[in-house]
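So the structure is just underneath, and the comments pick up after that.
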Amino acid sequence: MQLAGNILISLPETCLLTTSTVLKSYMGEYIKRWKPPVSPLQALCSFLIAERHHAAASAWSPYIKVLPTSYTCPVYFSDDILDLLPWGVRKKASGQKERVRELYLYSRPFFSSLQPLFSLPVEDLFTYDAFRWAWCSVNTRTVYMEHAQSDCLSREGNDYALAPYLDLLNHSPNVQVEAGFNKVSRCYEIRSIQGCRRFQQAFICYGPHDNQRLLLEYGFVAPGNLHRVVYVDVGALMLCLHKGDKQLQQKLLFLEENGFLSDLTFGADGPSWRLMTALRLLSLRPEQHASWKSVLLGAAVSQDREEWCVHKAQTLWQRLSDDATDALKKLAELTDSADQARMEQLVVVESLRREEQEILERARDVLRNLLPQPPPWQQDGVQNTGR
Ligand SMILES: C[S@@+](CC[C@H](N)C(=O)[O-])C[C@H]1O[C@@H](n2cnc3c(N)ncnc32)[C@H](O)[C@@H]1O
């Protein structure tokens, strides 16, 4: 039985951990005094680290105790595991790791100012490891809740709320919910719209995310995700292009200016429209310059250019497929000597790569059908009788 329209969970405002909680706490005065103001994210991370240290003495202890002690998000990955990711998400993950470390280094003077609150040296408490844990706790578990800007905090987004108990809900791409703070009941409410069934595990949807985004932000992959795709990066695209094309740079610039050099993908239903459109533009001969604009609007130019595009898509497909197979081989080698934490990270990466392989398998069949089929007597296993 569907639970459409029913409230799945309603959490009173007093149970939410937000920047208001932090500003009203023992840490509030320190934050208010600090210049330039710390960001809402820094404030929440600092508070989580301090509360974890206070253990049973903290009012938030029942919550902190059930938080994961470590995460399978890429900020925890060592370089050899990052190297197993597809190019685009690897680049984003490395950037994210760098930003978290920079934020930690930037926050250290503020952490030092908190020394009067602790008997232990703050350097032993506010370590990079603790900061990374707090950052992942905020990044993977907060719900969106707008707050009024506070003069004591920097102007960066102040829309985080840690919501104990409510944050136990896992993600499913197949459900629809409505979530938000109800100003009348003063509760954070999640209402089921579609996909939740009585007596079954309740899921919520974190957003229409593909698997790379889920891995990057939440440290997991959803098998069979209806938003799953395999990305084609510009580097791979360049490798399969004809270097003798004198208009190549001009074409690439034109594609970039029109937003056609990103989000080029293969899905289970084959190469995306954007990928085929970019290839179509790249396929044009010098004398077809007049067709550039119409191609971006979806026009096909000629049968031989269409075939060129499908062949290039097949070359790209092969590269992506080889890359996934290669990564899975290397992954198997690392698994042999992995401890539990690394093993959990490898399982997530393996799951991403296997999903990729499955998408590509399906895309291959679609690609085959895009080429004109040879007459029956030229197909494998069919004898031409000469009649
Ligand atoms: C808001 S928490 C959900 C509760 C979490 N499962 C727990 O036990 O604390 C988000 C985290 O749960 C995990 N998660 C959520 N949905 C998942 C899913 N469909 N499959 C695997 N892990 C999932 C991921 O580790 C993610 O970062």
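The values are calculated or read from the model by the stated rules, or taken from the named source; none is laboratory data. This one's a predicted model, so the numbers in the text were calculated from it and none came from an experiment. Quick reminder, even Gly has a Cβ in these numbers, built from the backbone with ideal geometry, and neighbours come from all protein chains shown. Heads up: the accessible areas ignore ligands, DNA and RNA and are worked out on the full protein's heavy atoms, side chains in. Shrake-Rupley method; radii C 1.70, N 1.55, O 1.52, S 1.80 Å.
How many of the residues in the range 159-179 are more than 27 Å from Ser61 (Cβ to Cβ) and either charged (D, E, K, R) or open to solvent by less than 20 Å² (accessible area, probe 1.4 Å) (or both)? Please lay out each step first, then the result.
Within the range 159-179, the subset more than 27 Å from Ser61 (Cβ to Cβ) is 172-178.
Narrowing the set further to residues that are either charged (D, E, K, R) or open to solvent by less than 20 Å² (accessible area, probe 1.4 Å) (or both) leaves 172, 175, 178.
Qualifying residue count for the region: 3.
If the Cβ limit is 7 Å and pairs must be 6+ apart or interchain, which residue in the range 60-76 that is open to solvent by 40 Å² or more (accessible area, probe 1.4 Å) pairs with which residue that is within 12 Å of the ligand (Cβ to nearest atom)?
That search, which allows pairs on different chains as well, returns Ser70/Tyr76.
Of the conditions (1) within 15 Å of the ligand (Cβ to nearest atom); (2) assigned to a helix (DSSP H, G or I); (3) open to solvent by less than 20 Å² (accessible area, probe 1.4 Å); (4) farther than 27 Å from Glu355 by Cα, Arg132 clears all except one; give me its number.
(3)
Looking at the range 167-191, which of its residues are within 10 Å of the ligand (Cβ to nearest atom) and either among the acidic types (Asp, Glu) or in a strand (DSSP E or B) (or both)?
Scanning the range 167-191 gives Asp167, Asn170, His171.
Quick check on the range 207-219: of everything there that is surrounded by 20 or more Cβ atoms within 10 Å (Cβ to Cβ) and either among the polar types (S, T, N, Q) or assigned to a loop (DSSP other than H, G, I, E, B) (or both), which residue is nearest to the ligand (Cβ to nearest atom)?
The residue in question is Gly219.
What helices (runs of 4 or more DSSP H) completely inside the range 1-63 contain at least 1 residues that are touching a Ser or Thr at 6+ places or on another chain (Cβ under 9 Å), closer than 20 Å to Leu166 by Cβ and of a type in the set (D, E, K, R)?
Numbers: elements: 19-24, 28-33, 40-54.
Because the criterion is at least 1 residues that are touching a Ser or Thr at 6+ places or on another chain (Cβ under 9 Å), closer than 20 Å to Leu166 by Cβ and of a type in the set (D, E, K, R), the helices (runs of 4 or more DSSP H) in the range 1-63 that meet it are 40-54.
Could you run through the range 239-267 and say how many residues are open to solvent by 20 Å² or more (accessible area, probe 1.4 Å) and either over 25 Å from the mean Cα position of the chain (by Cα) or of a type in the set (Asp, Glu) (or both)?
14
Only one residue in His242, His209, His171 is modelled with pLDDT under 90 and touching a helix residue (DSSP H, G or I) at 6+ places or on another chain (Cβ under 9 Å), so which one is that?
Answer to the check: His242.
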